[in-house]
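Below is one structure; the comments refer to it alone.
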Amino acid sequence: MAGVSAPEALTDPAPSARSRSPWWHDGLPRLGLAAVLLAVAALCVPAHVQAGDAGEFATVMLEGGIPHPSGYPWMRILGLPARALVALGVSPARAAAWPCAAAGVAAWIVLWPLIAGWAGRGPATLAILVMATASPVLVHVPDSEVWGPHLLACAVVLRVAARDRVRPAVLGLGFGLATSHHLSATLLLPVVVGAAWPRPFGWRRLGAAASQGIAAGVAGLLPYTTLALGAEGAWRWGDPRSWSGLWRHVLRADYGTFQLSLHTEDPALLDQWSRAVYTVGNAATGGLSSGALTSAAALLGVAALAGRRPASLRPGVYWGLWGSVLASTLAVPAAHNIDPTRPFGAWILERFDLLSILLWTPLWALAAARVWRWGTRRPSRIAMGLLALTLVATQLARSAARGVPSSDDGVERYARDLLRTPTPGQRALVIGTDDHRVFPILFVQHVLGEGANVLYVDASLLSQRWYRRHLQERWPDLPEIDKPVALIGALWDDPAWADTPIFLANVFSRPSSQLPIVPQGLLWRVLPPHDRALTPQQVIDDHTAALARYGAPPTHTPGPAHPWTADLYPAYNEGTGRLLSALRAEGRAEALHTLLDALGPWRPVNR
């Protein structure tokens, strides 16, 4: 660029110089960045429904309904493009995931001009390439989850906040709309306040800005009212058709107001901080960080290098960004009530680090710009360029090694096989727990049309009246009983249910562990009082017939990115192992050999 040195062009070009630049100076980097991120997203978008809340959101997007608190009205709205993709022939799982994945890509493209204006085109592009390809981003964003739209909403708020002379009402409206999608968008409040803070300060001006911002923020929450519309659908959590029901739903009262989840754990604060700092620091180092200490050192280094405010960045926005970074990285993890030392807990919690990764990206770019200015000689800059490419390549390699949604078909395979376990054409009841069962089963039944005769009951949700009503809409003769084992007892006492088999997907309580059960495929059939004289041959026949309906045994060994699949995988072999052990203990050699012969490809290799 004529009249501007290379360091200036890459770090902090003056606004007047940028306004005179040809369109392709900014357009080409953004197009190239968008192409790369879309290509990565295409490699990560799943062909099968994923664990967590993905099955619930995908079902609501494609078949209608209301998701869990706080309601996520924008996920229902994203059902419109998802259904259009299905009409064009895209598979349901991909159709539900692509709008969310595209929103995640758009978040970085929206953020790029902002960061480029603060740090320069090169550092902005590099920062986004490194952070946007981190494992947590590629695991959770290219899926039918809330995180892609959440990042986009937060990026838009940052972009609006950085504008000169932005109106408080515009800031408040954007903040409210972002919060209406995900409550953690409230962490951007320091940025919004910093952007709206009057200069020069005056109490009257502050009051006017606050009243305008608050009123517009409340208006931005109006998408929540759409939850009262379209009450029909495949799945409805709660009943927000009344004002009291809507208020209860938005405030997560079914969880316990404002609680993250149904968990009641009390993990150590240091464990929460170590996990969060490691996740964000590992993203910032291209996946090279080996632990919480090295991650903390990396983030402190970024903070020190980014400590000088660029002239183009207003003080209120700059310090507000730091406030949001600290709130997201340290304050929110301190409030979590899930154990971060377990794979399940770490997988759930790292999704809340995505906003931290987004917020650290401008600081990473500012730090990179400062390092670039130190290298005045050509060899040093070549070395920096090679290091930058190495970070991106390492990040992609580490993320791919950990696993991405497109590589995991485990929970959908389990859901299909669970619904195929009872005898075909016969009504059956299955009781179990955990989201990685109920939501994939919801998707496979209502979207893919599997297992119409099987009713899956989530034992933990059975205490909720709205859920019992939901079950009775499918099976009107099901008694309204809020305890799963008590429900089983009531069904046994009713002659009309005598021929309806009942299964457990997992042992979920002490009373359920006392039930008489036998293995059948990957489930456990509960033996009713009137039918406990099963012979070993009957158990073997039912068990092997169920396994045969599954096809070949699953061969995919889940990686650390998919702890839910890892939890379900042993179910395919647990029943066989227990049955073999029981036959050996009882000395039934003939039945043992019969079972081993009947197992075929399901025969354990180590027995």
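Structure notes:
- Taking the DSSP bridge list for the chain and keeping only pairs wholly inside it, about 40 percent are antiparallel.
- Accessible surface area normalised per residue over the chain is 43 Å², counting heavy atoms of protein chains with a 1.4 Å rolling probe.
- Percent RCO, i.e. relative contact order, over the chain, from Cα pairs under 8 Å lying at least 6 residues apart: 17
- Of the accessible area of the chain, computed with a 1.4 Å probe over protein heavy atoms only, carbon and sulfur atoms account for 61 percent.
- Scattering curve values for the stretch 26-132, log₁₀ I(q)/I(0), Debye with Cα scatterers, q = 0.10, 0.12, 0.14 Å⁻¹: -0.35, -0.49, -0.63
- Extending 7 Å from the Cα toward the beta-carbon at both residue 585 and residue 423 defines two label points whose distance is 2.8 nm.
- Residue 490/residue 47 FRET efficiency (R0 25 Å; Cβ-Cβ; nearest 0.05): 0.05
- Evaluated at q = 0.17 Å⁻¹: base-10 log I(q)/I(0), Debye formula over Cα of the stretch 78-123: -0.56
- A simple spin-label model places the labels of residue 482 and residue 597 5.4 nm from each other, with each point 7 Å out along Cα-to-Cβ.
- Protection proxy ranking for 288-296, 319-327, using the average of other Cβ atoms within 10 Å per residue and placing the highest first: 319-327, 288-296.
- By average C-beta atoms within 10 angstrom, highest first, the peptides 159-169, 200-210, 476-486: 159-169, 476-486, 200-210
- For the stretch 492-607: span of alpha carbons on each principal axis (Å, largest first): 45, 37, 26
- Rounded FRET efficiency, nearest 0.05, which uses the C-beta distance separating residue 88 from residue 164 and R0 of 35 Å: 0.25
- For the stretch 396-508, taking the reciprocal of the average inverse distance between every pair of different Cα atoms yields a Kirkwood hydrodynamic radius of 15.3 Å.
- Extents of the stretch 404-459, largest first, come to 37, 22, 17 Å (Cα atoms, principal axes, whole angstrom).
- Degrees, to the nearest 10: 589-599 long Cα axis against longest axis of the chain: 40
- Degrees, to the nearest 10: 410-420 long Cα axis against longest axis of the chain: 30
- Zone of residue 242's modelled label, taken as backbone nitrogen in the stretch 435-474 under 18 Å from a point 7 Å along Cα→Cβ: 464-470
- In terms of packing, defined here as the mean over residues of other Cβ atoms within 10 angstrom, the peptides 428-435, 493-500 line up highest first as 428-435, 493-500.
- Modelled label positions at residue 308 and residue 545, each set 7 Å beyond Cα in the direction of Cβ, lie 7.8 nm from each other.
- Rh (Kirkwood; distinct C-alpha pairs) - the stretch 359-402, Å: 11.7
- Value of Rg to Rh for the stretch 447-518 (Rh from inverse mean 1/r over Cα pairs, i.e. Kirkwood): 0.94
The values are calculated or read from the model by the stated rules, or taken from the named source; none is laboratory data. Just so we're clear, the structure is a prediction, and the values are computed from it rather than from any experiment. Methodologically, a virtual Cβ is constructed for each residue, glycine included, from the backbone with ideal geometry; neighbour enumeration extends over all protein chains shown. The accessibility values were calculated without ligands, DNA or RNA, using every heavy atom of the protein model including side chains. Shrake-Rupley method; radii C 1.70, N 1.55, O 1.52, S 1.80 Å.
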